[in-house]
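Report on the following structure.
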Amino acid sequence: MTALAVDAPRPKSRFLLDRQEIIGPLFIAPAILYVLVLVAMPFLLAIYYAVSAYTIFDPTYRFVGLKNFTDVIASEVFRRTLINTFVFTIGAQVIGLVLGKFGAMLLMQEFRGRGIARALVVLPWAVPVSLATLAWQWMFDSLYSVINWTMIAVGLMDPAEPWQWLGQQDLAMVAVTVVHAWRLFPFAVVIFIAGFTSVPKDVLDAATIDGAGFWRRNYQIILPIIMPIAVIALIFGTVFTFTDLSVVYLLTRGGPMNGTQVLGSLAFQVGILSGDVAHGAVICLFLFPFLLVAVIFLLRMLRRREI
Amino acid sequence: MAAVSTNSITKRFGDVTAVDGISLTAFDGEFMVLLGPSGCGKTTLLRIIAGLEKPSSGDVLIDAQVVNDLPPRARGIAMVFQSYGLYPHLTVWNNIAFPLRTQGTPREDIKRKVEWAAGLLSIDHLVERRPRQLSGGERQRVALARALVRDPTVFLLDEPLSNLDAKLRASARSELKQFQKTVRTATIYVTHDQVEAMGMGDRIAVIDHGRLRQIGTPTEIYEQPADEFVASFLGTPPMNLIERDGGSLGFRPENFLPKELLNGAPVVEFPFRIDRLEYLGSERILYGALDGRAAKREVTAKLPAHAALDGISPGAWHKFAVREKELRYFDRDGRSVRDPKRPPP
């Protein structure tokens, strides 16, 4: 006797979501839509405005070719801004990452209250940037600066001539860079802690037995092992800083005399506050080649990691 | 001469005593195995000898010198870890050369030593590769080569075979033993695998709950277990233990045979009810109970597969027996008693 149970054929539509050629596009569609609407559109719009004479006072479209670009490049303020942007980005990365690494090393140690310390370190991240900058503004204040007070107290500064942190161009640049490094610091700490935790204990023990002291362990074993993670953090931080305008805008408004303008803040100043959309768009587009290089580098790193 | 000794080593982690007063000595050229279940403190003891952990009390002596306050690199030890601890970003060559570089060895000496070690372990064709491009067995050899170039007084090996698959482990076991015989360096080998311990160790130190239970050659450990723990930890299946006058009576399953197979020597007879029977190819394991005696666990008998099994069937009582000289006695505290006051009834 053979009695095979045969299922009644089910309607095909029931298995529609089991088919990869349908479910795949369905799942990826939101991401593509997001990129098209919120990334590609604004980007094309920026190019569209950059070759026009569009201002909010004269919203008719008139094609002017590359005239806006030559205007911007010729401008003294723009060139200063470009240099500032690099100083700001590189300075904040170096300070943030170096301090982040040492912060992470300290927080890897066993000590009482480590959990609280780790939570506190993340605070600069969690505090709204406007609030944090307000606190920094007081620290850099011409009269009430605690930084100056401390430096006078330890004899590093002449009380008759206290530094005007936000009033001198070089010092103001240092100030915005330091504040931004302070914002990056938690991210760097978290990334480095994750990196340190990923180094197998056996490898560290082996290095200890093989005679590697503190520095050799750190720079010949740990750092090379976590390098891929660190590089990704660096590129991410670079992109994040390069496009940032919040610290500069909140702390100095780009001043004194455009001494701390970065591309983001200048574009905002020109394009939105002054209403010159066309020139604002051009300034924004100058971010693009640098970010492109950073992103290509990042993607190559990621691919190398996979192999 | 003693290569390594530990003198009443104790290690506490908070309330937990991981190592509880262990004293042992490994001699020059000896292969000493620390055997025990996981969490017994054997790895902690090894790490204390290496200097990766500080003992709460006690001394470690290497080459007749107290090394308690010496850092690991100055102790003349080399260690191979369970997952090998190779440097993933360095080539095999640089992995092996690393301990030499930290000592500031001249370049030509490094080259000579690395080539020698790689040749000895036949990994000279792999020196340009990175650890992730190697198989488990190859990684283990690289770790050994890296340990070897340091020219240590003692090798410390922490379960180096446990990451290999079963087949590779068997061949790696004999290679490792062969390697140790060639270089003749004292070796302390930590494992929870009794087959590794029995097969490789010149002497075995059995550890449980941080205490040294017995130390001796594989034969001594197996034939004359010092206590019930050692008796039941070694052997598959372990020694049968049955209660007797508050203490216990023990015999190995392979010595517990049908009475008619034991002729000549004086024997002690036990009626044995077989509950089930396992055929393992080379042997058969019989599980069951003894008549009128409380056993501490199920009683087993191990018979060669070719032994006549006429009439032996599950559910029935059979006359089984043990030669008197194969019986072991343990007192109330589970310690071995050499000379029982009374013969068993």
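The values are calculated or read from the model by the stated rules, or taken from the named source; none is laboratory data. Since this is a predicted model, take the numbers as computed values, not measurements. Here Cβ is always computed from backbone atoms with ideal geometry, including for glycine, and neighbour counts include all displayed protein chains. With ligands, DNA and RNA removed, areas are computed over all heavy atoms of the protein, side chains included. Shrake-Rupley method; radii C 1.70, N 1.55, O 1.52, S 1.80 Å.
When only Cα pairs below 8 angstrom with a gap of at least 6 residues are kept, chain A shows a relative contact order of 26 percent.
For segment B:127-132, 3J(HN,Hα) computed residue by residue from phi via the Karplus equation (6.51, -1.76, 1.60; θ = phi - 60°) reads 4, 8, 7, 9, x, 5 Hz, glycine and proline entered as x. Coupling constants for segment B:233-242 follow from the phi torsions by the Karplus curve (6.51 cos²θ - 1.76 cosθ + 1.60, θ = phi - 60°), and in residue order they are 7, 9, x, 10, x, x, 4, 6, 10, 10 Hz; glycine and proline get x.
Using only protein heavy atoms and a 1.4 angstrom probe, determine the accessible area buried between A and B, summed over both sides, in Å² to the nearest 100. By this definition, chains A and B bury close to 1600 Å². Look at the alpha carbon pairs under 8 Å that are at least 6 residues apart: their mean separation over the length of segment A:68-202 gives a relative contact order of 40 percent. Counting charges near A:Leu223 (Lys, Arg +1; Asp, Glu -1) among other residues having Cβ under 12 Å from its Cβ returns a value of +3. Listed by chain and number, the lysines whose C-alpha is less than 17 Å from the C-alpha of B:Lys42, apart from same-chain residues fewer than 8 away, are B:Lys11, B:Lys54. Measuring between their Cα centroids, segment A:199-269 and segment B:210-233 lie 57 Å from each other. Accessible area per residue for segment A:144-284 is 41 Å², calculated with a 1.4 Å probe on protein heavy atoms, without ligands, DNA or RNA.
Count the net charge of all other residues whose Cβ sits under 9 Å from the Cβ of B:Pro99, scoring Lys and Arg as +1 and Asp and Glu as -1. Charge balance in the 9 Å sphere: +3. For segment A:93-102, backbone phi angles converted through the Karplus equation (6.51, -1.76, 1.60; θ = phi - 60°) give residue-by-residue couplings of 5, 4, 4, x, 6, 5, 5, x, 5, 5 Hz, Gly and Pro being listed as x. Against chain B, whose longest principal axis is taken from its Cα atoms, helix B:166-183 shows a tilt of about 60°.
Classify chain B from the C-alpha gyration tensor, please: rounded if a/c falls under 1.5, else prolate or oblate depending on whether a/b exceeds b/c. Prolate, because a/c is 1.5 or more and a/b exceeds b/c. Please name the residues of segment B:79-126 whose accessible area, counted over protein heavy atoms with a 1.4 angstrom probe, falls by no less than 30 Å² between the chain alone and the full protein assembly. Correct list: B:Phe81, B:Gly85, B:Tyr87, B:Pro88, B:His89, B:Phe98, B:Thr102.
Only bridges whose two residues both fall in segment B:2-223 count here: according to DSSP, what percent of them are antiparallel, nearest 5? For segment B:2-223, the DSSP antiparallel bridge percentage is about 55. Could you point to the residue in A:Pro186, A:Val199, A:Gln220 farthest towards the positive end of segment A:183-284's charge dipole, with +1 and -1 charges on the Cβ of Lys/Arg and Asp/Glu respectively? Comparing the listed Cα positions along the dipole, A:Pro186 ranks first. Taking every residue in A:198-207 and counting other chain Cβ atoms within 10 Å of its Cβ, the average works out to 6.
Just the protein heavy atoms count here, and of the accessible area of the protein assembly as shown at 1.4 Å, carbon and sulfur take up 60 percent. The alpha carbon centroids of segment A:100-164 and segment A:26-53 are separated by 40 Å. Over chain A, dividing the summed -39,500 (n - 2.57) contributions of all DSSP H runs of at least 4 residues by the number of residues returns a 222 nm mean residue ellipticity of -20500 deg cm²/dmol. Each peptide in A:197-205, B:135-143 receives the mean, over its residues, of other Cβ atoms within 10 Å, and ordering these scores from highest gives B:135-143, A:197-205. Of the beta bridges DSSP finds with both residues in the protein assembly as shown, what % are antiparallel, to the nearest 5? Bridges in the protein assembly as shown that DSSP calls antiparallel: roughly 75 percent. Against chain B, whose longest principal axis comes from its Cα atoms, helix B:92-102 is set at around 70 degrees.
The residues packed around B:Leu290, meaning those with a beta-carbon under 11 Å from its beta-carbon, carry a net charge of -2 if Lys and Arg are +1 and Asp and Glu are -1. With contacts taken as Cα pairs under 8 Å and at least 6 residues apart, chain B reaches a relative contact order of 17 percent. With the highest mean first, a sort of the peptides A:214-223, B:21-30 on other beta-carbon atoms found within 10 angstrom per residue produces B:21-30, A:214-223.
With n ≥ 4 as the cut-off for DSSP H runs, can you work out [θ] at 222 nm for chain B, using -39500 (n - 2.57) per run divided by the number of residues, rounded to the nearest 500? About -7500 deg cm²/dmol. Listed by chain and number, the aspartates and glutamates whose alpha-carbon sits under 15 Å from that of B:Lys325, ignoring those within fewer than 8 places in the same chain, are B:Glu220, B:Glu223, B:Glu254, B:Glu269, B:Asp339.
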